[in-house]
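Visitor: Just passing along the structure, written as structure tokens.
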Amino acid sequence: MNARLLLLGMFFCIASNVAFAISVDVTNNTAQTPHQATCFMLKENFQMDNDLLATQQTLNLEAALSKDIVTLLNDLEFKGKAGDFHCISAPVNNALHHFIFAGTGTDQNNEVGMEEIRRATGKIVNELKAKKIPAAMLRIPTNSSLPAADIAKQTTIAALLTDYQYTEFKSDYKHVDHTLTLVTADANDDIADAVWQGNVIGSMTNTIRTWSDGPPNVVTPIFLAEQAQALSKQYDCICTVFDRAQAEELGLNGVVAVGKGSSSECRFIIVEYHATDPDAPTIALVGKGVVFDTGGVNLKSFENMLGMKYDMCGAAAVLGTVFTIAQLKPNVNVIAIAPAVENKTGSEAYRPQDIITFFNGKHGEILNTDAEGRNILADGLSYAEKIYKPDAIIDVATLTGACIIALGHHFSGIMSTNQNLKDHLFNAARISGERLWELPMTNDYKKGIESDHADFKHIATGGFGAGASIAAHFLANFVENTPWAHLDIAGTAKDVDNVSYLNKKFATGVGVRLLTDLVLHYQK
Ligand code: BES
Ligand code: MN
Ligand code: ZN
């Protein structure tokens, strides 16, 4: 039998302090690692292969289940289709053991898809949680043309994402540690490194998810700034935070205008990761950090206001990405900029028909204070371009309800006029599983923001439609000549249904996985 590489993942349920650790070990005997569950990912029309056979023999399965696995699964009509799932519990060596089977199905080329692997992992980990199983083995597919390291990395990420829950304010919550051991026949350093990377990405995503799920009376602009400072210290990043007075001084007037309606002061947060190579390319990420969006004086209704604590998920995504990258240390500089404000109705609140002179000197006419996100992103974009002269700028924002109407909750909208950057992003979407769908940017829609009284309006009026694209055209005024893409995550940041590794009740952490893969593969 091949030496088996055991990838030990300790994953913890989440409180505000998220501690993840993964340790890697090599053995040639799976039975040496104590565990209460043995989990299999099987593709459609799976055969009794070496690994299945080995497990069967090691655990003396036939004695336990009185049948070989394949016959048993046949009886249960488990065909290995995507979504097929069975848990069989039986005594093995006088202790109850769980055998968990999750199907991945196959595509047109008889191959297993990475998303199916992530979703099978999600089903398995949910079962481990439900049954409170502290230690389990997961045999990852080996008979696949997907690189084993990629499978190991994505399985690790999916397991960590599935494990997430927001428990900070649950008085009776009891914390239980789990261990998941990935089993694969190929013992090599690439796989160990991939699992380490997956652990970094998954755990940082879970950390920033706690900010998104956190209540808006706790997660204020100052809270986000403090988190950014603490993590910058931990991961050796440069953190700069401007308060309201400094933002006014600098002319970050879009941020100040939106923020001053709240007694909870705005913060302009910058985190820099610098690669050691002085010639490394630089990517700037700008994230919308509206910690709560009441709509401002154009106040939202009861239905529309619920959920608006998630209006800082763009900021969470860019901060999560820079802190992930600071651990993975690729040869790309990453600058994360997170303007953080609360959009509220205080006596200083900005109003419809105000004209804001933004950081780049352009004048924008406000028509609806509920279109606040683009005003803070505007300053973030031009600040990023002017100060850091990056090779590419990407902004991430829960920007428009229109994007949810267009794309629902399974695709983020991407708007860009730079084909090369779009190619990079679509490639990262394919790898990470964070799907993108392009929405148009055309001069016909640019007309929607022509203004009689200023350089442009910030929204279109009179049933113009194309709300997500209109927002992108407004933002385009704040990038001069740097490749730029806008990601609208209004639909994908929360409320994603039927994805086993995401919980509809909680933030998804969307953006971290995508942008991390973009940075890791980025070349000018
Ligand atoms: N934060 C909202 C967008 C949003 C809506 C995100 C629902 C997630 C779920 C944004 O600030 C907003 O209010 N947009 C307005 C823009 C309109 C006033 C032009 C919208 O989409 O209705
Ligand atoms: Mn709004
Ligand atoms: Zn908003």
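The values are calculated or read from the model by the stated rules, or taken from the named source; none is laboratory data. Note that this is a predicted model, so its numbers are computed, not measured. Here Cβ is always computed from backbone atoms with ideal geometry, including for glycine, and neighbour counts include all displayed protein chains.
Visitor: How about region 286-303: which of its residues are more than 9 Å from ligand 2 (Cβ to nearest atom) and either touching a strand residue (DSSP E or B) at 6+ places or on another chain (Cβ under 9 Å) or of a type outside the set (A, V, I, L, M) (or both)?
Guide: Result: Val286, Gly287, Lys288, Gly289, Val291, Phe292, Ser301, Phe302, Glu303.
Visitor: Scan (1) within 16 Å of ligand 3 (Cβ to nearest atom); (2) touching a His at 6+ places or on another chain (Cβ under 9 Å); (3) within 18 Å of Arg244 (Cα to Cα) for the single condition Leu367 breaks and write down its number.
Guide: It fails just one condition, (3).
Visitor: Just one of the numbered conditions (1) among the polar types (S, T, N, Q); (2) within 14 Å of ligand 1 (Cβ to nearest atom); (3) buried (at least 24 other Cβ atoms within 10 Å of the Cβ) is not true of Asn298; which one?
Guide: (3)
Visitor: Now for a different question. I'd like to verify a number: residues in region 364-422 that are free of Cβ contacts under 8 Å to residues at least 24 places away in the same chain and in contact with a Ser or Thr (Cβ under 6 Å, 6 or more places away or on another chain), how many?
Guide: Total satisfying the criteria: 0.
Visitor: If you don't mind, another one. Looking for something of a type in the set (Asp, Glu), touching a helix residue (DSSP H, G or I) at 6+ places or on another chain (Cβ under 6 Å), within 16 Å of ligand 2 (Cβ to nearest atom) and in the same structural domain as Ile335 (by TED's automatic domain parsing) - is there at least one such residue anywhere in region 481-489?
Guide: Yes: region 481-489 contains one or more residues that are of a type in the set (Asp, Glu), touching a helix residue (DSSP H, G or I) at 6+ places or on another chain (Cβ under 6 Å), within 16 Å of ligand 2 (Cβ to nearest atom) and in the same structural domain as Ile335 (by TED's automatic domain parsing).
Visitor: If you don't mind, there's one more thing I want to ask. Has region 318-332 got any residue that is under 21 Å from the mean Cα position of the chain (by Cα), within 12 Å of ligand 3 (Cβ to nearest atom) and of a type outside the set (D, E, K, R)?
Guide: no
Visitor: Only one of (1) assigned to a helix (DSSP H, G or I); (2) under 25 Å from Ala471 (Cα atoms); (3) polar (S, T, N, Q); (4) more than 13 Å from ligand 2 (Cβ to nearest atom) fails for Ser262. Which number is that?
Guide: (1)
Visitor: I've got another one for you. What residue, of Ile431, Ile405, is among the β-branched types (Val, Ile, Thr), assigned to a helix (DSSP H, G or I) and within 16 Å of ligand 2 (Cβ to nearest atom)?
Guide: Ile405
Visitor: Considering each residue of region 302-319, count those that are away from ligand 1 (no atom under 11 Å from the Cβ) and buried (at least 24 other Cβ atoms within 10 Å of the Cβ), and give that number.
Guide: 5
Visitor: Are any of the residues in region 453-469 under 30 Å from Asn331 (Cβ atoms) and of a type outside the set (Lys, Arg)?
Guide: no
Visitor: What about Glu272, is it part of a helix (DSSP H, G or I) and either of a type in the set (Asp, Glu) or more than 24 Å from Thr398 (Cβ to Cβ) (or both)?
Guide: The answer is no for Glu272.
Visitor: Also, I was wondering about something else. Name the residue, out of Ala152, Ala148, that is at pLDDT below 90 and over 21 Å from Phe99 (Cβ atoms).
Guide: On inspection, the qualifying residue turns out to be Ala148.
Here's the yes/no breakdown for (1) modelled with pLDDT of 95 or more; (2) over 20 Å from the mean Cα position of the chain (by Cα); (3) assigned to a helix (DSSP H, G or I); (4) closer than 20 Å to Val512 by Cα:
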site: Arg209; (1), (2), (3), (4): yes, no, yes, yes
site: Ser212; (1), (2), (3), (4): yes, no, yes, yes
site: Val218; (1), (2), (3), (4): yes, yes, no, no
site: Ala225; (1), (2), (3), (4): yes, no, yes, yes
site: Cys239; (1), (2), (3), (4): yes, yes, no, yes
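Visitor: For region 306-394, which fully contained strands (runs of 3 or more DSSP E) count at least 3 residues that are in contact with a Gly (Cβ under 8 Å, 6 or more places away or on another chain)?
Guide: Passing ranges, in order: 333-343, 355-357.
Visitor: Please work out which residue is surrounded by the most Cβ atoms within 10 Å (Cβ to Cβ), limiting yourself to region 495-519 and to residues that are among the aliphatic types (A, V, I, L, M) and either outside any loop (DSSP other than H, G, I, E, B) or free of Cβ contacts under 8 Å to residues at least 24 places away in the same chain (or both).
Guide: So the residue we want is Val512.
Visitor: Please specify each residue of region 58-83 satisfying the condition of being in a helix (DSSP H, G or I), touching a residue at least 12 places away in the same chain (Cβ under 8 Å) and polar (S, T, N, Q).
Guide: Thr58
Visitor: Restrict the check to region 457-476 and report whether at least one residue is modelled with pLDDT of 95 or more, away from ligand 1 (no atom under 13 Å from the Cβ) and of a type outside the set (A, V, I, L, M).
Guide: Looking through region 457-476, none of the residues is modelled with pLDDT of 95 or more, away from ligand 1 (no atom under 13 Å from the Cβ) and of a type outside the set (A, V, I, L, M).
Visitor: Turning to a different aspect of this structure: Could you please let me know if Pro141 is modelled with pLDDT under 90 and surrounded by fewer than 16 Cβ atoms within 10 Å (Cβ to Cβ)?
Guide: No.
Visitor: Keeping to region 477-490, report how many residues are under 16 Å from Ala429 (Cα atoms) and either in a loop (DSSP other than H, G, I, E, B) or modelled with pLDDT under 95 (or both).
Guide: Going through region 477-490 one residue at a time, the tally reaches 1.
Visitor: Within region 330-371, which residues are of a type in the set (Gly, Ala, Ser) and surrounded by fewer than 15 Cβ atoms within 10 Å (Cβ to Cβ)?
Guide: Within region 330-371, Gly346, Ser347, Gly361 qualify.
Visitor: If you scan region 356-380, which residues turn out to be among the β-branched types (Val, Ile, Thr) and away from ligand 1 (no atom under 13 Å from the Cβ)?
Guide: Selection gives Ile356, Thr357.
Visitor: Hey, Lys233 hits all of (1) touching a helix residue (DSSP H, G or I) at 6+ places or on another chain (Cβ under 6 Å); (2) away from ligand 3 (no atom under 14 Å from the Cβ); (3) among the charged types (D, E, K, R) but one; which does it fall short on?
Guide: Lys233 satisfies all of (1) touching a helix residue (DSSP H, G or I) at 6+ places or on another chain (Cβ under 6 Å); (2) away from ligand 3 (no atom under 14 Å from the Cβ); (3) among the charged types (D, E, K, R) except (1).
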